[in-house]
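The block underneath contains the structure these notes are about, expressed in structure tokens.
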Amino acid sequence: MPPLRTALLQSSGRPGAVAENLKALDEAAARAAASGARLLVAPELFLTGYAIGDAVPELAEPADGPGARAVAEIAVRHGLAVLYGYPERDGERIFNASQLIGPDGASLANYRKTHLFGCFEQEWFTPGEQTVVQADLDGLRIGLLICYDVEFPENVRAHALAGTDLLLVPTAQMHPFQFVAESVIPVRAFESQMYVAYVNRTGPEGEFEFVGLSCLAGPDGTVRTRAGRGEELVIGEVDPKFLAASRAANPYLNDRRPGLYGSLA
């Protein structure tokens with residue numbers, strides 16, 4: 001299989017302006033497709049903005065709502081898969097969710113954030129209950145987490161054991177926790193032998209200051225591409241051959257002794 005060229009959209013868009021954010025996503029998809037990318041990853045809650053306060057219920061929509069249909073049109077128009085974050089309404093509950101739309105416009109996977117960070121998220125969102133959500137794209141097994149989820153090693157290891165090759169992590173990483181983007185993400189990729197695409201918001205938004213630093217980390221613990229602190233579209237490649245060689249050379253997953261870890265759960 002050839003490498004999967006992956007585009008990371010580091011942007012906060014315009015909080016509260018869904019139409020403007022869809023326009024920005026469309027423009028990024030055009031640039032990504034022109035570079036040969038087959039996958040575009042946008043940040044956490046990109047559809048609506050993160051710091052939207054009591055507008056969450058108004059802007060939340062079902063997984064098959066108008067935002068999803070608009071993203072599907074973008075994916076088809078540019079011939080690539082798109083992962084975007086949005087507030088998902090399911091009856092009376094609202095989830096911090098992300099959805100992966102395929103190049104044909106079909107929904108490949110929908111994930112609900114399981115570990116909610118801070119008072120804002122805990123006030124407005126219900127935590128998801130499914131840790132491992134996956135889809136297949138161009139011969140690779142794609143896994144989904146959101147922001148704070150990746151800071152729990154158990155989540156990433158669960159994906160490793162389920163065969164995830166590329167873990168997509170739309171995020172809203174804020175000051176002063178930039179060490180997560182700089183240090184934790186490459187370590188997660190190495191210790192669980194997978195690629196991790198960590199895609200952040202950037203700049204001030206309400207009470208938050210997002211730090212950017214989006215990256216694609218490889219299974220050898222090195223960062224293949226890294227954004228700065230501002231609005232940026234960066235491109236990296238997920239190489240199945242390198243992943244297979246890395247897994248063959250690194251014994252972490254084979255050398256595990258699960259019987260010793262039961263007390264951790």
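Does segment 185-197 include one or more residues that are in a strand (DSSP E or B), at negative phi and in contact with a helix residue (DSSP H, G or I) (Cβ under 7 Å, 6 or more places away or on another chain)? For segment 185-197, residues in a strand (DSSP E or B), at negative phi and in contact with a helix residue (DSSP H, G or I) (Cβ under 7 Å, 6 or more places away or on another chain): present.
Within segment 29-54, the set of residues being in contact with a strand residue (DSSP E or B) (Cβ under 9 Å, 6 or more places away or on another chain) and either surrounded by fewer than 23 Cβ atoms within 10 Å (Cβ to Cβ) or of a type in the set (Val, Ile, Thr) (or both) comprises 31, 33, 35, 36, 38, 41, 48, 51, 52. Quickly run through segment 116-150 and pick out the residues that are assigned to a loop (DSSP other than H, G, I, E, B), within 20 Å of residue 163 (Cα to Cα) and open to solvent by 10 Å² or more (accessible area, probe 1.4 Å). Matches in segment 116-150: 129, 130, 131, 132, 133, 138, 139. Quick check: is even one residue across segment 236-257 modelled with pLDDT of 95 or more, of a type outside the set (Phe, Trp, Tyr), touching a helix residue (DSSP H, G or I) at 6+ places or on another chain (Cβ under 7 Å) and within 19 Å of residue 43 (Cα to Cα)? No. State all residues of segment 55-78 that are closer than 20 Å to residue 6 by Cβ and open to solvent by 30 Å² or more (accessible area, probe 1.4 Å); if no residue qualifies, say none. If the condition is that a residue be closer than 20 Å to residue 6 by Cβ and open to solvent by 30 Å² or more (accessible area, probe 1.4 Å), then 76, 77, 78 are the ones that fit. Screening residue 225 with (1) under 14 Å from the mean Cα position of the chain (by Cα); (2) polar (S, T, N, Q); (3) outside any helix (DSSP H, G or I) gives one miss only, at (1). Take segment 93-117 and flag every residue that is of a type in the set (A, V, I, L, M), within 22 Å of residue 75 (Cα to Cα) and more than 13 Å from the chain's Cα centre (by Cα). Within segment 93-117, 106, 108 qualify. For residue 17, state whether it is over 19 Å from the mean Cα position of the chain (by Cα) and either in contact (Cβ under 8 Å) with a residue 24 or more places away in the chain or crowded, with 23+ Cβ neighbours inside 10 Å (or both). So residue 17 fits the description; yes.
The values are calculated or read from the model by the stated rules, or taken from the named source; none is laboratory data. Treat the numbers as computed from the prediction; the structure is a model and nothing was measured. Glycine also receives a Cβ, built like all others from the backbone with ideal geometry; neighbour counts cover every protein chain displayed. Keep in mind that these areas ignore ligands, DNA and RNA; they rest on the heavy atoms of the full protein, side chains included. Shrake-Rupley method; radii C 1.70, N 1.55, O 1.52, S 1.80 Å.
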